Amino acid sequence: MKTDRVFKRAFNETLDLVSKLEDGGWIPSESTLSAQLNVSRTTVRKILAALSAHGVVTGSAPRRIVATAGAESHRFPEAETIPMAEQVEKRFMEWMLRDNACPGTAINELELARQFGVATTGIREFLNRFQRFGLIEKRPNAGWVFKGFTARFALELFEIREMFEVRSAKAFAALPEDSPLWEQLKALRQKHIALLGELDQRFHDFSDLDSRFHRLITSASPNRFIDSFYDTITLVFHYHYQWNKQDERQRNEIAIREHLTYIEALLRRDTSAVELACRAHLASAKVTLIRSTSGHDKVTKEATQ
């Protein structure tokens, strides 16, 4: 069930938080945890009750403390925290990356179902959703074929992305002070700082953080069409640009620092600085994406005309 997966994901994230505290350290308040984990306070209470039952935390609201930070044995398996549709998407993208899929690559539903350990219906449902991005197509009597990711697609994508995100960033800066999104933003700032400090070992972790950050920004202006569009954004930036591994660490460091500048502008509620930081970051991301496509020189010339 979805609610069960939400609980397990948030439970694991709470374990991550607890692991950074010393025995006897104070647990954040329920409202703070609710904002950081992006779950209801009811779910937070269930998590804290479970941790108390495991002897990980002691005490009661509002003064709970860490009894023991060594609680990894209670962690739920990752597969239990991710919806099946997301698991299939993740495995499919990893398959394309690992096999270096190129235009014309055949996609066999039965073979993928066997490799991923899921039913063919799950694969078929994913491919039917995925084809709206224009990157695969179903050919009569020939199954699915990967069409490839073109530079033209990247340019068209960015025209829409910039329009949506600038709008959302301005809306974020105008949020009331008691909005839970501010706590989530502060939590993401700390994750950026932590990753920057361990970048040599963890630079591959940036793509997840990047997706979470931009989805948080767009959540400030809920819109079903923007949400659907960001499914495409996540697909492209979380997976495709990784195909170009050249200077990955350097690119990720630049992006993290741009995010931090962006975040600081948001926290200051400086609308002009927010727009400037947003556009600067998107411009860098655009260059990165175009470089990962074929025909880079041609597209760069076209984009600057």
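Figure the gain on full extension for I193 and V287 (residue separation times 0.36 nm, minus the Cα-Cα span) and round it to one decimal in nm.
Details: separation 94, 0.36 × 94 = 33.84 nm, distance 2.39 nm.
Gain on stretching I193 to V287: 31.4 nm.
Taking 20 Å as the cut-off, the amide N atoms of the stretch 272-290 that come nearer than this to a point 7 Å along the Cα-to-beta-carbon line of L260 belong to 273-285. Calculated FRET efficiency, Q131 to R224, Cβ-Cβ distance, R0 = 22 Å: about 0.65 to the nearest 0.05. One chain, two ends: D4 and R139. Fully extended at 0.36 nm per residue, the span grows by 44.8 nm beyond their Cα-Cα distance.
On a 32 Å Cα-Cα criterion, which of the cross-link pairs K20/K90; K8/K286; K147/K186 come out too long? Over 32 Å apart, Cα to Cα: K8/K286; K147/K186. Other residues whose C-beta falls under 14 angstrom from the C-beta of L267 contribute a net charge of 0, scoring Lys and Arg +1 and Asp and Glu -1. The modelled label-to-label distance for the pair C102/E248, using points 7 Å beyond Cα in the direction of Cβ, is 2.0 nm. Note on L110 and D23: the model spin-label points, each 7 Å out from Cα along the C-beta direction, lie 5.7 nm apart. Grab the beta carbon distance between M163 and A50, set R0 = 30 Å, and tell me the FRET efficiency rounded to 0.05. For R0 = 30 Å, the calculated efficiency reads 0.10.
Comparing S40, A10, W26 along the charge dipole axis of the stretch 2-78, the residue lying farthest to the positive side is S40, per the Cβ-charge model.
Read-outs: derived from the displayed coordinates by stated rules, not from any lab. From a predicted model like this one, the values you see are computed outputs, not experimental measurements. Backbone-built Cβ (ideal geometry, glycine too); neighbour counts: all protein chains shown.
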